[in-house]
Every structure is written in C-alpha cells, then in structure tokens.
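The values are calculated or read from the model by the stated rules, or taken from the named source; none is laboratory data. Note that the coordinates shown come from a computational prediction; the quantities given were computed from them, not determined experimentally. Neighbour counts run over all protein chains shown; Cβ positions are idealised from the backbone, glycine included.
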Protein chains: 2
Amino acid sequence: MPEPVASVVPDPGSTAERILDAAEDLFAERGYSATSLGDVADRVGIRSPSLYNHFRNKEALYTAVMERLLDDFSGPIAELRSGPITHDRVLLWLETIVRKHHANPNLARLLQHAALSGGPGTSELVDRFFRPMFDSEHPIEDEPRPLLGDAGLQPWAVMAFNNLVMSYVTMAPMYRDLLGQDPFSQSALDKQLKLVTTLLQAVFDFRTPGERAGDS
Amino acid sequence: MPEPVASVVPDPGSTAERILDAAEDLFAERGYSATSLGDVADRVGIRSPSLYNHFRNKEALYTAVMERLLDDFSGPIAELRSGPITHDRVLLWLETIVRKHHANPNLARLLQHAALSGGPGTSELVDRFFRPMFDSEHPIEDEPRPLLGDAGLQPWAVMAFNNLVMSYVTMAPMYRDLLGQDPFSQSALDKQLKLVTTLLQAVFDFRTPGERAGDS
DNA sequence: GGGGTATACTAATGGCCATTAGTCTAGCCC
DNA sequence: GGGCTAGACTAATGGCCATTAGTATACCCC
C-alpha cells in the first residue's frame with residue numbers, strides 16, 4: 001500500500017491534484033460535513049473509493065486542501081511583518097489580499113465555514129492564518145497617536161478590515177443578484193479595491209483632521 | 001391531521017416554539033443540509049418524528065426559522081427608509097443593527113450559510129433582507145458630493161458596512177480565541193460599536209477634509 | 001363519560017454516506 | 001516475458017438521515 005501524500009503539493013495535472021481542486025471548490029461551497037466524497041469523485045470523474053488511493057480519508061483530504069490554500073495565502077502577511085509597519089505598507093498588504101481573495105475565493109469561504117461550524121483542524125487554521133495578524137509586537141510606526149483614538153481598538157480594526165475583504169467574497173453569490181453584475185469581474189475588483197483602500201485612507205486621516213498624512 | 005403552522009409565530013413556550021429555537025441555533029451553526037432533524041429533536045427533548053406534528057418537513061421548519069428572524073430584523077431598515085436619509089439617521093441605523101446582530105447572531109450566520117451554500121428560499125431571503133437597502137431611490141440627503149468621491153461606489157459602501165457588522169458575528173468563534181475574550185460580552189459590543197461608528201464617521205468626513213460635518 | 005383532537009411514541013423504509021476488502025488492468029524494471 | 005506496483009474498479013458494511021405509518025395517551029367539549 002502506498003503511503004498517501006500528506007502535506008506535499010502533488011504534481012500538476014495528476015489525479016491527486018485534480019481531487020484537491022474538486023474538493024477545494026466543494027468544501028469551500030458547502031463546508032466540511034455537507035460535502036460528500038461521492039460528489040468530489042463525480043467531479044473528478046472517478047468512483048469514490050478511488051479517492052482512498054490518494055488520501056487516507058475525508059479528513060486528510062480536507063486538511064490537504066487547507067494546507068495548499070494556506071501556502072498560497074501566507075505570503076502577504078509575512079511580507080508585511082518582514083519590515084516596518086507603515087501606512088503605505090499596510091495599504092499595500094490590504095490591496096494584495098483583496099486581489100488574492102478575488103483570484104481565489106475559496107480560502108475565505110473555507111475559513112467562514114470553519115468559523116461557523118468548526119471542522120477538523122479549525123484551531124490550527126486560526127493559528128496559521130489569523131494569529132500572525134495579531135501577535136505583532138510593533139504597532140504602526142508612523143502613528144503619533146493610537147489608531148481611531150483608542151489603543152484597544154487596533155486588533156478590532158485589523159479584524160474589521162480583514163472581515164471586510166473576506167466577507168465580500170463569502171457574500172458574493174448574494175451580491176451577484178443584488179448589484180446585477182459578476183462580483184468577480186475586473187470592474188467589480190476595481191470598485192472593491194477603491195472602496196477598501198479609500199476606507200483605510202479615511203481611517204488613517206480621521207485621527208488627524210486638517211492635517212493630511214500624504215503617504216502616497 | 002392538524003395543518004402545521006406556516007409563518008405565524010407560535011405561542012411562547014409551546015413545543016413549536018421550542019423547536020424553532022433549537023432549529024434556529026442549529027441551522028445557524030451548521031447550515032441547512034448539515035443540520036439533522038434528529039439533532040433538533042434531541043435538543044428539544046423529543047423524538048424526530050414528533051417534529052412532523054408541528055412542521056410539514058425540514059424545509060418548512062427552515063423557512064419558519066427564517067421567517068421569524070426576518071420579522072425580528074426588518075425593523076431598522078424600514079425605520080431608516082421611512083424618513084430622510086441623513087448622516088445621523090444612517091449612524092442610528094448602523095448602531096441599531098450592530099446591537100440587534102449582537103443580541104441574536106443567528107440571522108447573520110444563517111445568511112452567511114445561505115450565501116455560501118444556497119438552501120431553500122435563499123433568493124427570497126435576499127429580496128426581503130438585502131434588497132430594501134439597495135433599491136432606495138433617494139440618495140443621502142445632506143451630501144453635497146457623492147460618497148467616497150464616486151457615485152458608483154455607494155452600493156458597495158452599503159454592502160461593506162453591512163458585511164462589517166455581520167461578519168463580526170459570523171467570525172466570532174474565531175475571534176474568541178484570537179482576542180482572548182467573549183466576543184458577545186458587553187465590552188466587546190462597546191468596542192465594536194465604537195469601531196463601526198467611527199469608521200462611518202471617517203467615511204462621512206473623508207470627502208470634505210478640513211470641514212467637519214458635526215453631525216452629533 | 002365519550003368523541004375528537006393534539007401530540008407524543010415506536011417501527012420501518014429507502015437513500016446516501018464514509019469506509020473497507022478484494023479484484024483487475026496497464027505500465028515498469030529485470 | 002514475469003513479477004511488481006499504482007491506481008482504477010465493484011461489492012459490501014454499518015450508520016445516519018428524512019420521512020411515513022400506525023399507535024397510544026391526555027386533554028377539551030358535549
């Protein structure tokens with residue numbers, strides 16, 4: 001019996017990768033327990049017992065999906081933490097994650113399912129994706145006074161902007177109806193980018209009214 | 001055979017209401033298809049076939065849960081639409097929905113599940129809960145120029161603030177770990193209220209830098 | 001007290017689910 | 001070519017699920 005792949009990314013185009021692709025979409029849409037291996041197998045074009053040639057069980061498939069997504073999304077926050085936290089670099093981080101979530105909405109959807117319902121490895125998910133945003137010792141560097149006039153609000157603000165980005169994609173199916181256009185089109189991305197960056201600018205400017213920061 | 005209750009709110013303390021309470025929590029946590037009637041019945045303290053004395057089937061139970069939640073949450077937006085859309089009244093609306101979602105996080109969770117996975121009556125849900133926020137003909141009254149410097153962004157901004165409020169409660173389980181405190185405590189509510197109202201203030205002020213609106 | 005109704009129960013059904021066992025085939029190394 | 005292995009398949013398992021049928025009990029109205 002071949003020991004199935006654990007956390008290594010399989011060859012492109014291989015059956016294992018096609019399974020991961022199908023499973024990622026389905027887990028992201030329906031969550032862990034509402035996704036059946038039969039549906040995953042159908043989408044790949046094989047029978048469900050064949051999945052066990054590539055993954056130990058449903059839970060291993062799920063964690064492999066998470067692993068791959070986390071690898072893909074761990075870049076921007078690591079980048080931000082690798083240097084001084086300035087307004088410019090926070091704006092750059094925000095813009096980057098908007099683009100990344102827009103390009104692949106599945107991580108946000110998976111995280112949202114995990115937040116609502118739990119599922120295997122949820123606490124590891126929190127540790128690896130969210131914790132790095134919070135345990136940063138250094139505050140924003142070019143801040144004379146605490147953000148939003150209250151030091152205790154900073155984690156809440158981080159959370160808020162992250163939520164803003166992720167909830168756009170998790171709510172996208174509903175906004176497709178409401179706004180009458182594809183929420184993942186280029187023009188929608190442009191609008192979303194403009195909105196969140198303007199919002200962050202507004203926050204940066206708000207504490208010092210009359211005195212613009214002029215970061216750009 | 002008694003015709004089961006459709007959309008009327010049952011007596012307080014009755015079995016039907018206790019079923020609705022249990023089902024609301026479970027649907028909100030796990031979504032429609034991952035919730036089993038057996039679990040609902042267990043929580044009420046009866047056997048699952050007894051549920052059919054009160055609701056036609058799983059779908060009817062689900063829509064009854066939604067109905068009750070929509071009734072509860074339809075107040076604030078109706079209030080806002082009943083008069084002129086001013087900065088003050090938008091702030092009041094925002095504060096009200098923050099408090100309502102904090103008091104009962106289940107509507108936000110249910111809506112999030114519906115956005116991700118669909119489920120019975122999802123489009124009606126969108127029509128009844130979200131549509132009223134968008135098809136409003138009147139723009140903000142005391143606005144000399146369009147919000148955020150771009151008229152097309154207004155629906156996106158409405159969506160953003162709504163997401164901000166709802167995603168706080170749908171992500172709450174994760175932030176419980178991250179922030180090390182109960183996200184539904186009074187102090188957490190205070191912080192969240194301060195954050196979102198300040199954010200909205202920042203947006204209102206941002207278009208007219210140097211000239212404060214002075215709404216409060 | 002008797003009939004009707006509301007509402008609980010047990011038993012059963014057919015379907016889907018995750019998982020395992022065992023089989024077959026196509027390629028690879030000697 | 002002969003064995004080995006990867007990876008597909010079918011068949012079978014036990015469990016849970018939504019739903020129905022049929023039954024029992026307790027209350028209300030006369």
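Under 30 Å from B:Thr96 (Cα atoms) and either exposed (fewer than 15 other Cβ atoms within 10 Å of the Cβ) or charged (D, E, K, R) (or both) - does that describe any residue in region B:26-48? Yes, region B:26-48 contains a residue that is under 30 Å from B:Thr96 (Cα atoms) and either exposed (fewer than 15 other Cβ atoms within 10 Å of the Cβ) or charged (D, E, K, R) (or both).
Only one entry in A:Ala34, A:Ala64 is at pLDDT 95 or above, outside any loop (DSSP other than H, G, I, E, B) and within 16 Å of DNA strand D (Cβ to nearest atom), namely A:Ala64. Quick check: is even one residue across region B:42-53 out of contact with any Leu (no Cβ under 9 Å at 6 or more places or on another chain), more than 8 Å from DNA strand C (Cβ to nearest atom) and more than 14 Å from chain A (Cβ to nearest Cβ)? Yes, region B:42-53 contains at least one residue that is out of contact with any Leu (no Cβ under 9 Å at 6 or more places or on another chain), more than 8 Å from DNA strand C (Cβ to nearest atom) and more than 14 Å from chain A (Cβ to nearest Cβ).
Residue count for region B:67-114, restricted to those that are within 15 Å of B:Asp25 (Cα to Cα) and within 14 Å of another protein chain (Cβ to nearest Cβ): 12. Per the listing A:Ser33, A:Ser117, the residue uniquely within 14 Å of chain B (Cβ to nearest Cβ), within 13 Å of DNA strand C (Cβ to nearest atom) and touching a residue at least 40 places away in the same chain (Cβ under 8 Å) is A:Ser33.
Being touching a residue at least 12 places away in the same chain (Cβ under 8 Å) and either outside any helix (DSSP H, G or I) or not assigned by TED's automatic domain parsing to the domain that holds A:Gln112 (or both) is the filter; apply it to region A:157-191 and report the residue that is surrounded by the most Cβ atoms within 10 Å (Cβ to Cβ). Checked region A:157-191; the qualifying residue surrounded by the most Cβ atoms within 10 Å (Cβ to Cβ) is A:Pro183. Screening B:Glu95 against (1) crowded, with 17+ Cβ neighbours inside 10 Å; (2) modelled with pLDDT of 95 or more; (3) not aliphatic (A, V, I, L, M) leaves a single unmet condition, (1).
Step by step: first the residues of region B:57-80, then only those that are loosely packed, with under 15 Cβ neighbours inside 10 Å and free of Cβ contacts under 8 Å to residues at least 60 places away in the same chain, then the one that is nearest to DNA strand C (Cβ to nearest atom). Which residue is that? Once the filter is applied, the top-ranked residue is B:Asn57.
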